[in-house]
Amino acid sequence: MKLRCIEVYYVKMPLRYPWRTAYGEDADIHSVLVKLVTEDAYGWGETTPLQAPCYSPEWAGGVYSLIKDFLAPQVIGQEIDNVESLLQLLSCFKGNPFAKAGIELAFWVLQAKQQSQPLHRSLGGTTKAIAVGADFGVQDSLQILIDKVQYAINEGYSRIKLKFRYGWDINMLKAIRDVFPDYPFHIDCNAAFTLKQTDLFQKVDRFDLAMIEQPLHYSDLREHAFLQKSISTPICLDESITSPKVMADAIQLESCRYVNIKTGRVGGLYNAIQIHDMCHNAGISCWVGGMLESAVGNGISIELATLPNFTYPADIFPSQVHYIHDLGYPEITTTAPGKIAVSSVPGIPYEPSTILLSQYTLHHTIIKK
Ligand SMILES: [Mg+2]
């Protein structure tokens, strides 16, 4: 297929509540949407590195500029038959997985629409619905957290992830376990600690958590392997896994027992599938993570989560959890407790709402051939 036009949107999506983690606080989610257009079809992708380079070295402004100035000009007007050809064209640019994912994800959606099949079939997935969990950032008080956890359990979510940082650590876990002694929880540290806190993680062992997500430096593998040998709770890597090559090193070093795969952080669906398959062969379980994308980005992640080694419920949420008005339409909803249905239409069922896209867009560019 030949790409005739590429549109890039930088959007700021207001959250219902600020999102607080170990690296900071976001009141809005800054995201980049890409629309690829051919002679007779189009596809939307979304990549969400957040406003500042605090989760990873990339940020929304940089991703927008990189797509506009380098990636889109590299692929516009080119005859591109498959995703491998697309990635080959982009391979002269080093790193920047979130930026590359913006184009790559839109390409997969476009291709699935042209093949008249739901995206998960293009990826090799077969299930009709995926399991999703609930996820709570740092709250104003422990009681607020306990109330929210109770609500999520009542709603039927099968596991809950809790953000974990200094001052919201062992005290928080103790309060949670006192009320919910048997429910599956895990914590996400967002790379906030070092090996000097090994004793802290040894204390975490007694809370019987499903896993500890990214306790150490955002690009580390070696120290995570060391920490894993010092504790019994499984370590899950998130920030550290940015490509299949890094995943191969993590497997060799035995850095983790779980991997959180995010479409943007690994550079798109092709790499996500590679990492999923490598983990499967190594006996490492995976789950699909998210960056609070709109329904467009989450709709793509839902399709990815249909692959067989995604055995732990995904961080994909109904729209109303984080957004009063989701930029994507229709809204994402659960079809059964803790379950979200996969696409039954060509590509994915979600696209940006025209009205909200014009309200939320800060920058927009069109590249044509
Ligand atoms: Mg994480």
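Mind checking which residues of region 21-50 are farther than 29 Å from Lys2 by Cα, out of contact with any Cys (no Cβ under 8 Å at 6 or more places or on another chain) and either in the same structural domain as Leu304 (by TED's automatic domain parsing) or not charged (D, E, K, R) (or both)? Quick ask: steps written out before the conclusion?
Looking only at region 21-50, we keep the residues that are farther than 29 Å from Lys2 by Cα, and these are 21-30, 50.
Now restrict to residues that are out of contact with any Cys (no Cβ under 8 Å at 6 or more places or on another chain): 21, 25-30, 50.
Thr21, Ala27, Ile29, His30, Leu50 - these are the residues of region 21-50 that are farther than 29 Å from Lys2 by Cα, out of contact with any Cys (no Cβ under 8 Å at 6 or more places or on another chain) and either in the same structural domain as Leu304 (by TED's automatic domain parsing) or not charged (D, E, K, R) (or both).
Would you point out which residue out of Gly267, Gly299, Gly283 is away from the ligand (no atom under 16 Å from the Cβ) and over 23 Å from Trp108 (Cβ atoms)?
The unique qualifying residue is Gly283.
Before we move on, is Tyr55 modelled with pLDDT under 95 and crowded, with 21+ Cβ neighbours inside 10 Å?
Considered against the rule, which asks whether it is modelled with pLDDT under 95 and crowded, with 21+ Cβ neighbours inside 10 Å, Tyr55 comes out as yes.
Where the second residue is modelled with pLDDT under 95 and charged (D, E, K, R) and the first is surrounded by 19 or more Cβ atoms within 10 Å (Cβ to Cβ) and lies in region 158-174, which pairs have Cβ atoms under 6 Å and are six or more apart or on separate chains?
Lys161/Asp135
So how many residues does region 235-260 have that are away from the ligand (no atom under 14 Å from the Cβ) and of a type outside the set (D, E, K, R)?
Qualifying residue count for the region: 10.
Do you know which residues across region 163-186 are of a type in the set (A, V, I, L, M, F, W, C), in contact with a helix residue (DSSP H, G or I) (Cβ under 7 Å, 6 or more places away or on another chain) and not in a loop (DSSP other than H, G, I, E, B)?
Ile170, Met172, Leu173, Ala175, Ile176, Val179, Phe185
Would you check which residues across region 30-39 are over 16 Å from Gly328 (Cα atoms), in contact with a helix residue (DSSP H, G or I) (Cβ under 8 Å, 6 or more places away or on another chain) and not hydrophobic (A, V, I, L, M, F, W, C) and list them?
Selection gives Thr38 alone.
Out of all the residues in region 194-207, is one or more aliphatic (A, V, I, L, M) and in contact (Cβ under 8 Å) with a residue 40 or more places away in the chain?
Scanning region 194-207 turns up no residue that is aliphatic (A, V, I, L, M) and in contact (Cβ under 8 Å) with a residue 40 or more places away in the chain.
If you scan region 325-338, which residues turn out to be crowded, with 17+ Cβ neighbours inside 10 Å, part of a strand (DSSP E or B) and not hydroxyl-bearing (Ser, Thr, Tyr)?
Gly328 - this is the single residue of region 325-338 that is crowded, with 17+ Cβ neighbours inside 10 Å, part of a strand (DSSP E or B) and not hydroxyl-bearing (Ser, Thr, Tyr).
Are there any pairs, at least 6 apart or on different chains, whose C-beta atoms fall under 7 Å, with the first in region 298-324 and under 15 Å from Asn260 (Cα atoms) and outside the structural domain of Trp108 (by TED's automatic domain parsing) and the second among the acidic types (Asp, Glu) and within 16 Å of the ligand (Cβ to nearest atom), and if so, which?
Hits for this filter: Asp315/Asp135.
Just the residues that are over 17 Å from the mean Cα position of the chain (by Cα) and charged (D, E, K, R), please, taken from region 274-303.
Hit for region 274-303 is Asp277, nothing else.
Can you find even one residue in region 255-268 that is under 17 Å from the mean Cα position of the chain (by Cα), surrounded by fewer than 24 Cβ atoms within 10 Å (Cβ to Cβ) and over 22 Å from Ala99 (Cα atoms)?
The answer is yes; a qualifying residue exists.
Which one of these does Thr194 not meet: (1) of a type in the set (Val, Ile, Thr); (2) out of contact with any Asp or Glu (no Cβ under 9 Å at 6 or more places or on another chain); (3) away from the ligand (no atom under 16 Å from the Cβ)?
So Thr194 meets the others, but not (2).
Listed residues Pro308, Pro349; which is within 20 Å of Ser116 (Cα to Cα) and outside any strand (DSSP E or B)?
Matching residue, one of Pro308, Pro349: Pro349.
Going through region 210-266 one residue at a time, which ones are under 21 Å from Val132 (Cβ atoms), among the small types (Gly, Ala, Ser) and touching a helix residue (DSSP H, G or I) at 6+ places or on another chain (Cβ under 6 Å)?
Once the filter is applied, which keeps residues that are under 21 Å from Val132 (Cβ atoms), among the small types (Gly, Ala, Ser) and touching a helix residue (DSSP H, G or I) at 6+ places or on another chain (Cβ under 6 Å), region 210-266 yields only Gly264.
Would a scan of region 32-46 turn up a residue that is in a loop (DSSP other than H, G, I, E, B) and out of contact with any Lys or Arg (no Cβ under 8 Å at 6 or more places or on another chain)?
yes
The values are calculated or read from the model by the stated rules, or taken from the named source; none is laboratory data. Predicted model only: the values in this text are computed from it and were never measured. So basically every Cβ, Gly included, is an ideal-geometry build from the backbone, and we count neighbours across all protein chains shown.
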